[in-house]
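The values are calculated or read from the model by the stated rules, or taken from the named source; none is laboratory data. Note that the coordinates shown come from a computational prediction; the quantities given were computed from them, not determined experimentally. Note: ideal-geometry Cβ built from the backbone for every residue, glycine included; neighbour counts use all protein chains shown. All accessible areas refer to the heavy atoms of the entire protein, side chains included, with ligands and DNA or RNA removed. Shrake-Rupley method; radii C 1.70, N 1.55, O 1.52, S 1.80 Å.
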Amino acid sequence: MSQGKEVAESLLDLLVTEAAYSIWRKHKDDKEAVAHSLEKLGFRIGVAMMERLMKDKPIMALQGERPTDAIKLLCRDFWGLAFKKITDRLRMNKQGIYIVLDKDFKWLRHITHKVEEEYPLGSKVTITGEGQGVPAGTKGTIISYSAGHNTVEVECENQIVSVSTNNIMTDYPARINPKTLLHIPSGMLRGALFAVDVPVTVEATILNPPSVEFTIATRDLQPECAEGSVRH
Amino acid sequence: MQKARQGERAFEKMEKISAELFVVTYGSLVMQLLEDSEGKVEEVNNELYSIGYKIGVRLIDEYLAKSQTQCRTFRDTAEAIAKVGFKMFLGVTADVRNWAEDGSSYSLIIDDNPLTMFADLPDNLNNLWYSNSLCGVIAGALEMVLWKCKVQFHKDQLRGHDCTEIRVSLVEQLKEEFQQEDD
């Protein structure tokens, strides 16, 4: 049914961004709820996109016992549709987990990754997680930036601690954390593979923005010493 | 009509993607919002509007940069939205009809709403304005050029009506915040 109709790309980009913000604002205090909702949204999008893709290419019959074919389809055709390029590297580790690298991930291209812009001096923050030198939940103010990548100095009551930006939450965040945003494309990949009968879990890791690595684990990983079968 | 030609030219300048991609994303969003709101349809209508509004506020820059339309009156904006704005971003045009006598409101009639390409509205969702984000986009964009408007769906073919109609009503014309110069 594709009649070659087109819309502006900026419209899609804005839709996704604002959808993410809307969901994020709704569950602001509940990181898990945000992640779950965004991932689920991504999942739906991924399923729907893959179904459209498969409609146009009926010859692509995939066998369930070869998840590698599905992953390759993902890295080429699905990536082209969803992220306008192909992936830069695909490898599989010893546990049979696929690691997909996109060095220039579309969604991170427009997000600033400058610590100074995301976390301006004087921002009031809450420290999350343990092991930061202060109890979780301690509040403080950003007073400077450390030499380390994405590390800030936070002044809390009587002390100054060096904390990774992964472990702070700003009180009035204007910008969504890129890590949070990536729940959507992770969901998209999970949805896309689900649509071709390959159940997986997906995790995204930001390397050096805009470089992202997606770790895709298929559910039925074969045990290391499978009887007599050679895996390739 | 001159505006139609402007619309086409502006559309040519845009980076484009397949409409299907956009449409399935929008549809997924509607479904996710419905799930999150546990069936509170009015809440979803508002959320769709709100998301659209924020899109409109940001979209206007690209519109102004690429469209080269000059709108001096409220009347001008109607054709600009229908023939240029719609075309540039959605690839389709709308019709302007049913002007109020005092010129303060009009309808946008959309013959071929791309958003509803694959959508089907079940009976229990008959209060949903599926494409409500469109209203938000129009309202947000207009407010950035100082036309504060009420924009809402009047009819939707998805609901079984005979057409898809958005009503745009002028609330007030806003003033630029820093218009006065120091003496």
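Below is a table of values for the structure above.
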| item | result |
| --- | --- |
| Failed item, numbered, when B:SER107 is tested on (1) in a helix (DSSP H, G or I); (2) touching a Lys or Arg at 6+ places or on another chain (Cβ under 6 Å); (3) away from chain A (no Cβ under 14 Å) | (1) |
| Positions within the range A:59-94 being modelled with pLDDT under 85 and either closer than 19 Å to A:LEU181 by Cβ or open to solvent by 100 Å² or more (accessible area, probe 1.4 Å) (or both), in sequence order | A:ILE59, A:GLN63, A:GLU65, A:ARG66, A:LYS94 |
| Residue check for A:SER164: surrounded by fewer than 16 Cβ atoms within 10 Å (Cβ to Cβ), over 27 Å from A:HIS27 (Cβ atoms), within 26 Å of the chain's Cα centre (by Cα) and among the hydroxyl-bearing types (Ser, Thr, Tyr) | no |
| Neighbours by Cβ (under 9 Å, 6+ apart or cross-chain): first from the range A:78-89, away from chain B (no Cβ under 13 Å); second open to solvent by 10 Å² or more (accessible area, probe 1.4 Å) and aromatic (Phe, Trp, Tyr) | none |
| Some residue of the range B:159-175 being surrounded by fewer than 17 Cβ atoms within 10 Å (Cβ to Cβ) and assigned to a helix (DSSP H, G or I) | yes |
| Pair list, Cβ < 7 Å and 6+ apart or interchain, from the range A:146-172 residues that are within 17 Å of A:GLU116 (Cβ to Cβ) to residues that are modelled with pLDDT under 80 and open to solvent by 40 Å² or more (accessible area, probe 1.4 Å) | A:SER164/A:ASN150; A:THR165/A:ASN150 |
| Check on B:GLY27, out of contact with any strand residue (DSSP E or B) (no Cβ under 6 Å at 6 or more places or on another chain), open to solvent by 10 Å² or more (accessible area, probe 1.4 Å) and more than 9 Å from chain A (Cβ to nearest Cβ) | no |
| B:ARG5 free of Cβ contacts under 8 Å to residues at least 12 places away in the same chain and either touching a strand residue (DSSP E or B) at 6+ places or on another chain (Cβ under 6 Å) or open to solvent by 60 Å² or more (accessible area, probe 1.4 Å) (or both) | yes |
| Candidate set from the range B:79-98 (those that are open to solvent by less than 10 Å² (accessible area, probe 1.4 Å) and more than 11 Å from chain A (Cβ to nearest Cβ)); member that is farthest from B:ARG9 (Cα to Cα) | B:ALA94 |
| Number of positions in the range B:110-136 that are open to solvent by 30 Å² or more (accessible area, probe 1.4 Å), within 12 Å of another protein chain (Cβ to nearest Cβ) and of a type in the set (A, V, I, L, M, F, W, C) | 2 |
| Number of the condition not met by A:ASP197 [criteria: (1) closer than 25 Å to A:ARG44 by Cβ; (2) at pLDDT 90 or above] | (2) |
| Residue list for the range B:43-78, restricted to those being surrounded by fewer than 17 Cβ atoms within 10 Å (Cβ to Cβ) and touching a Leu at 6+ places or on another chain (Cβ under 9 Å) | B:GLU43 |
| Matching residues in the range A:22-46 - criterion: being open to solvent by 30 Å² or more (accessible area, probe 1.4 Å) and facing another protein chain (nearest Cβ under 8 Å) | A:LYS26, A:LYS40, A:ARG44 |
| Output for the range A:184-197, where each listed residue is open to solvent by less than 10 Å² (accessible area, probe 1.4 Å) and not small (Gly, Ala, Ser) | A:ILE184, A:PRO185, A:MET188, A:LEU189, A:LEU193 |
| Positions within the range A:3-13 being within 7 Å of chain B (Cβ to nearest Cβ), open to solvent by 20 Å² or more (accessible area, probe 1.4 Å) and part of a helix (DSSP H, G or I), in sequence order | A:GLU9, A:SER10 |
| Checking A:PRO209 against (1) assigned to a strand (DSSP E or B); (2) open to solvent by less than 60 Å² (accessible area, probe 1.4 Å), the condition it does not meet | (1) |
